[in-house]
Amino acid sequence: MFERIIRFSIEHRWLVMLAVLGMAALGAYSYQKLPIDAVPDITNVQVQINTAAPGYSPLEVEQRITYPLETVMAGLPKLEQTRSLSRYGLSQITVIFEEGTDIYFARQLVNERLGGAKDQLPDGVTPTLGPISTGLGEIYFWTVEAEEGATKSDGTPYTPADLREIQDWIIKPQVRNVPGVTEINTIGGYAKEYQIAPNPDTLRSFGLTLHDLIEAVEQNNNNLGAGYIEKRGEQYLVRAPGQMQSVEDIRDTLISNVDGTPVRIRDVATVKVGKELRTGAATENGREVVLGTAFMLIGENSRVVSRAVDDKMKEINLSLPEGVKAITVYDRTVLVDKAISTVKKNLTEGAILVVVILFLFLGNIRAAILTALVIPLAMLFTFTGMVANEVSANLMSLGALDFGIIIDGAW
């Protein structure tokens, strides 16, 4: 069998050379498409369901949210297992599917089941799917900090709430537009809130309830349209802007009319700008900062996405308020470049060592070089297979190339 293959190759050497060149060209093309990472991502196919339930104890979260959601996930096609975590104010369920299941198909199945489970959940509780990412999806971290002595336009220093507002309204929307980024998480700072603290005794004296107060806020926080008026060939839109813009707007909101006297929110409650309750914070060198994390979409090239995020972050820094800056804490590109540099160094040294050993044993530099040509050809052929099977180039996959075995086969 081998003799026939060798004889055929010798007799049709130009055909063999053409085939090798074609495969080499395909390998070179595949190399440009090859995803590059530091380590292989072995995360299984999973879909996370996150449900926020403020004020619920871990036991209540388990009984009223986690258990009903886990139950409706039973029997999904290609389902392997489910696991869950119930903690104060949060339910997290991980639905794991068989290897090879398309992630978007899996998310669609889970989303369909969630639609049928909403009636079993408490009012105001809405489960959401986690980002389309993996455990190695955290590719870029940054902190939002104010320089020493930096102040706002009113002369007051920046607070953690101000930094959080810059992160949520300036930085986050722009980073999410970077191709390959699927989610932005924020830790630290305080989310700004308008807080209404009612006085129960005052409400009772007017014959009002807490429900009346809530209903007044909801009904008086809308913009309404009333069509248009046509005049001299022009249209004039008629609108009734009612959206609240400030604390004073909330205080002036009418709740009811008691014996001809209008009762407003300021008469029965205290209104102020406050901050949300939180269970964690981010610190750097002993001082509080706001930490942002960019998650990469499954299957993307972490090196390319990290670089794109870094370029966007440099652009964003130019538009931030004076004295505020976003500082990179972790960039996956640095890790990937170091890993690839290590692999290149090892492969180059290995190839040179193989050529030297071949020359010493063969005593002919021409024969040694011809035999060593198998090394780059084998790597190009490998790249084609890696791209076809969605295997990234990393420290383990490239480090597994054994030049000794390759040369033995060629020899």
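Observations
- Among residues of region 42-62, those that are among the hydrophobic types (A, V, I, L, M, F, W, C) and under 14 Å from Val95 (Cα atoms), counted: 3
- Selection status of Thr143, assigned by TED's automatic domain parsing to the domain that holds Arg266 and hydroxyl-bearing (Ser, Thr, Tyr): no
- Among the residues listed as Gly55, Gly135, Gly115, Gly100, the single one being in contact with a Ser or Thr (Cβ under 6 Å, 6 or more places away or on another chain), at pLDDT below 90 and either surrounded by fewer than 14 Cβ atoms within 10 Å (Cβ to Cβ) or farther than 30 Å from Ile316 by Cα (or both): Gly135
- Residues satisfying the stated conditions in region 239-267, i.e. over 20 Å from Thr202 (Cβ atoms) and either polar (S, T, N, Q) or exposed (fewer than 11 other Cβ atoms within 10 Å of the Cβ) (or both): Ala240, Pro241, Gln243, Gln245, Ser246
- Looking across region 365-396 at every residue that is at pLDDT 75 or above, part of a helix (DSSP H, G or I) and among the polar types (S, T, N, Q), the one that is nearest to Met23 (Cα to Cα) is identified as Thr384.
- Looking at region 110-213, the strands (runs of 3 or more DSSP E) lying wholly inside it that each contain 3 or more residues that are within 13 Å of the chain's Cα centre (by Cα) sit at 138-146, 181-187.
- Some residue of region 79-90 being over 21 Å from Thr279 (Cβ atoms), among the β-branched types (Val, Ile, Thr) and not in a loop (DSSP other than H, G, I, E, B): yes
- Restricting region 372-401 to residues that are among the small types (Gly, Ala, Ser) and closer than 21 Å to Ser341 by Cα, the residue that is surrounded by the fewest Cβ atoms within 10 Å (Cβ to Cβ) is Ala400.
- Check on Ile316, assigned by TED's automatic domain parsing to the domain that holds Glu165 and part of a helix (DSSP H, G or I): yes
- For beta carbons closer than 8 Å, sequence separation of 6+ or different chains, a first residue in region 178-197 that is on the phi > 0 side of the Ramachandran plot and a second that is part of a loop (DSSP other than H, G, I, E, B) and surrounded by fewer than 14 Cβ atoms within 10 Å (Cβ to Cβ), the qualifying pairs are Gly188/Gly280.
- Extreme residue, farthest from Tyr140 (Cα to Cα), among residues of region 332-371 that are exposed (fewer than 14 other Cβ atoms within 10 Å of the Cβ) and polar (S, T, N, Q): Asn364
- Scan of region 247-284 for residues that are within 13 Å of Ile196 (Cα to Cα), in contact with a helix residue (DSSP H, G or I) (Cβ under 8 Å, 6 or more places away or on another chain) and among the hydrophobic types (A, V, I, L, M, F, W, C), ordered by number: Ile250, Ile265, Val268, Ala269, Val271, Val273
- Check on Thr333, part of a helix (DSSP H, G or I), touching a Ser or Thr at 6+ places or on another chain (Cβ under 8 Å) and under 19 Å from Val181 (Cβ atoms): yes
- Cross-chain or 6+ apart pairs with Cβ under 7 Å, region 79-103 first and under 15 Å from Thr134 (Cβ atoms), then basic (Lys, Arg) and assigned to a strand (DSSP E or B): Thr94/Arg83
- Scanning region 108-120 for residues that are over 28 Å from Pro179 (Cα atoms) and touching a strand residue (DSSP E or B) at 6+ places or on another chain (Cβ under 8 Å) yields one hit, Leu114.
- Restricting region 258-306 to residues that are at pLDDT below 90 and among the acidic types (Asp, Glu) leaves a set whose member that is nearest to Val329 (Cα to Cα) is Glu284.
- Considering residues of region 172-193 that are touching a strand residue (DSSP E or B) at 6+ places or on another chain (Cβ under 6 Å), farther than 16 Å from Ile327 by Cα and of a type in the set (D, E, K, R) only, the residue surrounded by the most Cβ atoms within 10 Å (Cβ to Cβ): Glu183
The values are calculated or read from the model by the stated rules, or taken from the named source; none is laboratory data. In this text the structure is predicted, and so the values were computed from the model without any measurement. Methodologically, a virtual Cβ is constructed for each residue, glycine included, from the backbone with ideal geometry; neighbour enumeration extends over all protein chains shown.
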